[in-house]
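The values are calculated or read from the model by the stated rules, or taken from the named source; none is laboratory data. As the structure is a computational prediction, the values presented were derived from the model and not from experiment. Positions of Cβ are backbone-derived with ideal geometry, glycine not excepted, and every protein chain shown enters the neighbour counts. Only protein heavy atoms, including side chains, enter the accessible area calculation; ligands, DNA and RNA are left aside. Shrake-Rupley method; radii C 1.70, N 1.55, O 1.52, S 1.80 Å.
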Amino acid sequence: MEFDSEKLRAYYADAPEDITLEDIDLERRPKHVSIIMDGNGRWAQARGMDRTKGHAAGVDSLRETVTTCVRMGIDVLSVYAFSTENWKRPQREVDMLMHLFATTLMKELPLFHQENVQLRFFGDLTALPKKTYDVFMEGLEETKGNTGMIFALAVNYGSRAEITRAAQMLAQDVLEGSLKVEEISQAALESYLYTAGLPDPDLLIRSSGELRLSNYLLWQLAYTEFYVTDTYWPDFDRWEFLRAIRAYQSRDRRFGGVKTK
Ligand code: FPP
């Protein structure tokens with residue numbers, strides 16, 4: 001994705017001591033960055049606030065991260081916003097999150113347009129409250145002509161459910177005769193995943209220190225580099241993002257082969 005380096009430099013002025021924009025090689029920036037946004041609840045609790053306040057603060061970090069990725073010319077940003085397991089949270093928190101998704105999306109649509117961002121969703125949206133579902137559909141419709149960064153929100157997403165759904169659709173196509181058993185390849189299977197057509201993530205960031213995948217993009221993360229920071233999601237900012245890119249660029253990605261350089 002193209003980007004304006006002057007604008008990026010201005011955005012990354014006032015560097016903290018440990019990192020500056022010069023520490024990363026923009027030519028080798030990842031194409032697809034995916035984020036497990038964790039720690040909203042703990043951030044709020046540490047401040048004696050209700051957990052839901054942490055989610056509201058998390059929206060600000062997400063807005064900054066979308067802006068950062070656009071400025072840096074990242075092709076795809078995907079984020080894990082709500083898992084198939086998150087329905088088990090207290091009803092009040094689930095309701096608040098669903099409301100927050102709808103209101104945030106509506107409010108941010110002008111930003112997406114201004115930044116030429118195209119929205120996409122991973123997950124079974126049919127299970128969402130009608131209002132949230134309707135706003136998501138409107139967001140899809142409104143941004144489908146945008147040609148800049150793809151911003152994908154995983155909502156009611158679970159990787160095992162995604163792969164199971166792919167298997168069902170694939171079996172259906174075999175039954176109907178539009179796909180032959182010999183034609184089932186990795187690429188064919190990928191075309192049934194929510195991520196169809198997107199490159200696999202190059203970098204997965206997880207905030208708040210947890211070392212697990214939590215049923216997120218199990219197929220797509222096969223060769224992805226992981227970066228885990230102890231920072232809670234509401235404290236994640238453009239500088240944390242830069243630290244993640246720096247760590248990513250220090251890795252030697254071999255994809256199962258031998259040294260590339
Ligand atoms: C994880 O923190 C965060 C979530 C389950 C929700 C993420 C949602 C947002 C950041 C709002 C995004 C808004 C839109 C429009 C997508 P946690 O509650 O698991 O924190 P904890 O691990 O400290 O309990």
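Values for this structure:
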quantity: Filter result for the condition that a residue is in contact with a helix residue (DSSP H, G or I) (Cβ under 9 Å, 6 or more places away or on another chain), farther than 25 Å from Tyr11 by Cβ and not in a loop (DSSP other than H, G, I, E, B), over Asn156, Asn215; calculated: Asn156
quantity: Any chance Asp200 is surrounded by 13 or more Cβ atoms within 10 Å (Cβ to Cβ), in contact with a strand residue (DSSP E or B) (Cβ under 7 Å, 6 or more places away or on another chain) and not aliphatic (A, V, I, L, M); calculated: yes
quantity: Conditions (1) near the ligand (Cβ under 8 Å from one of its atoms); (2) in contact with a Phe, Trp or Tyr (Cβ under 9 Å, 6 or more places away or on another chain); (3) of a type outside the set (Lys, Arg); number of the one not met by Ile35; calculated: (1)
quantity: Subset of the range 206-261 [of a type in the set (D, E, K, R), open to solvent by 70 Å² or more (accessible area, probe 1.4 Å) and touching a residue at least 12 places away in the same chain (Cβ under 8 Å)]; calculated: Asp230, Asp235, Arg246, Arg251
quantity: The range 119-156, residues that are open to solvent by 10 Å² or more (accessible area, probe 1.4 Å) and among the hydrophobic types (A, V, I, L, M, F, W, C); calculated: Phe121, Leu125, Ala127, Leu128, Met137, Leu140, Ile150, Leu153
quantity: Unmet criterion (only one of (1) open to solvent by 20 Å² or more (accessible area, probe 1.4 Å); (2) part of a helix (DSSP H, G or I)) for Leu109; calculated: (1)
quantity: Top-ranked residue in the range 9-30 [being within 18 Å of Tyr227 (Cβ to Cβ) and outside any loop (DSSP other than H, G, I, E, B); ranked as least open to solvent (accessible area, probe 1.4 Å)]; calculated: Leu21
quantity: Of all residues in the range 76-98 being within 11 Å of the ligand (Cβ to nearest atom) and among the β-branched types (Val, Ile, Thr), the one that is farthest from Gly158 (Cα to Cα); calculated: Val94
quantity: Candidate set: the range 43-66, residues that are touching a residue at least 60 places away in the same chain (Cβ under 8 Å) and of a type in the set (Val, Ile, Thr); chosen: the one surrounded by the fewest Cβ atoms within 10 Å (Cβ to Cβ); calculated: Val66
quantity: For Phe101: the one exception among (1) within 10 Å of the ligand (Cβ to nearest atom); (2) open to solvent by less than 30 Å² (accessible area, probe 1.4 Å); (3) under 17 Å from the mean Cα position of the chain (by Cα); calculated: (2)
